[in-house]
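Here is the structure we will look at, set down as structure tokens.
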Amino acid sequence: MQRRWLFVLPLLVLVAAVGFGVGRLNRPAAPAVPLAGVAASAASAASASAALVAVRSAPDAPQPAASADAEEARAREALKQRMKADWCGFGLAEQQRQRDAVMAGFEARTGGIGIEAIEAANETVGAQVQREAEDGARRRWVAALRRRGDPRSLAVADYLGGMDDADATGASARLQALARSSSDPMVTVLALLRPCPPGQCTNIQVSQWSRLEPANLQAWLMLLRESKGPERRSLVPYALERMAAEGRFSRMYEREFTQLLLELPQTETPGLAHDAEVTLLIGVASVWPIAGYAPLTQACADGLTDAATRRRCEAVAELLWLGDTVIEHGLALSLARRLSAADTAVLARWQARARVYEATLGWTQAAFLREAERLERVSPCAASMAWRALVRDRARLGEWGAARAEMAAQRADDQALSSAWRAQGGRPVLDAAAPEASAVTR
């Protein structure tokens, strides 16, 4: 499989109703290496890969172990420099060759590819080059955010700084302190997502978000997600009543976070730096946590015999329908389907929205396949440029809004697309026998 799929897969998060994600940001950070002005001589670059193979394949060579280690280190460094100097040409191809070789070796020895193979692939020269470039991009953005100096930028700087093992605790402590003094809900959200380890600092209370922004449905859902056992059982009725009474919108701040990153200096020319920035951008957005919806759906299922609970649950569903993501729209319909078991009038109120949702699912799934096929025909560096443009569109309009805008521009017919989606095996989302809305998987 070509490396360009590293860029295709995040589209599953950005435009399709499936639940993959980018896990590259979970890898241990490596020390940054300057990318500018790096070049190896033609002779040493041409022989670097061969030298590395030769060192590894001759363990019985008559030389001291320390000398062999030094030779291997020199060969790795020469290969790294050559890959960096020609990333869109030799570099990407060599990275994929190294990864394929590791995977093929494990498959030949064990008959499959498991976690050990993935760990070994992450130790190749190509993986190290990519890792160092991503870490360099993150450090550049952190510095730019600190120069901006406003509370939101400083909070994002510490959120990104928390990915650095060397400063993770310090960054989290600064973020918690900033959140205690800021009235910006996004700063609070970032602090909730990047807490200090136990005993390292005083973390803010989860309830701070709902106190700052009671009109935001997501603030209450976060409160429910973080509660446990008896505390959650006693909190659910109150939170449901507050969501229905005070809720006006559903905002997770992933979109605002991405927009802020896109305002920072970006590398506009194809190459390793651009590739690293796009991978970092997609990575931090795709692993953005979502609220725990299980307490909400369970409360609505348990309260079907109570008219007041049903009204509150439908009010929450209305708020979710206004959200930015396919997930929120799918959950809104899941709640409506549950409520229809006790009140058939709900079906009439939500039927048109169900067709819109089914049409949008069909559209985004087809769009993913079209884009994947198109990017298979271009170079990986060209694909990287395309992904940044896509991320900009999604940040500007939201995931759902971008899909609906594309459909409007193409004069898509919701009824026809919904019917086609059902004909291909998709059960109507309001059908009582249907599974949970397929978007609620991320």
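Observations on the model:
- When residue 287 is tested against (1) open to solvent by 20 Å² or more (accessible area, probe 1.4 Å); (2) modelled with pLDDT of 95 or more; (3) farther than 19 Å from residue 250 by Cβ, only condition (2) is not met.
- Residue among 417, 361 that is open to solvent by less than 30 Å² (accessible area, probe 1.4 Å), out of contact with any strand residue (DSSP E or B) (no Cβ under 6 Å at 6 or more places or on another chain) and of a type outside the set (D, E, K, R): 361
- With respect to the stated conditions, residue 157 is within 21 Å of residue 285 (Cβ to Cβ), modelled with pLDDT of 95 or more and in contact with a Lys or Arg (Cβ under 6 Å, 6 or more places away or on another chain).
- Residue 334 being within 13 Å of residue 429 (Cα to Cα), open to solvent by less than 10 Å² (accessible area, probe 1.4 Å) and touching a residue at least 60 places away in the same chain (Cβ under 8 Å): yes
- Residue within segment 95-102 that is closer than 22 Å to residue 383 by Cβ, in contact with a Leu (Cβ under 7 Å, 6 or more places away or on another chain) and in contact (Cβ under 8 Å) with a residue 24 or more places away in the chain present: no
- Pair list, Cβ < 9 Å and 6+ apart or interchain, from segment 181-193 residues that are open to solvent by 10 Å² or more (accessible area, probe 1.4 Å) to residues that are aromatic (Phe, Trp, Tyr) and part of a loop (DSSP other than H, G, I, E, B): 185/253; 193/288
- Subset of segment 230-244 (residues that are open to solvent by 40 Å² or more (accessible area, probe 1.4 Å) and touching a helix residue (DSSP H, G or I) at 6+ places or on another chain (Cβ under 8 Å)): 232, 237, 241, 242
The values are calculated or read from the model by the stated rules, or taken from the named source; none is laboratory data. Keep in mind that this is a model prediction, so the values were computed, not measured. Reconstructed Cβ throughout: ideal geometry from the backbone, glycine too, with neighbour counts over all protein chains shown. For accessibility, only protein heavy atoms count, side chains too; no ligands or nucleic acids. Shrake-Rupley method; radii C 1.70, N 1.55, O 1.52, S 1.80 Å.
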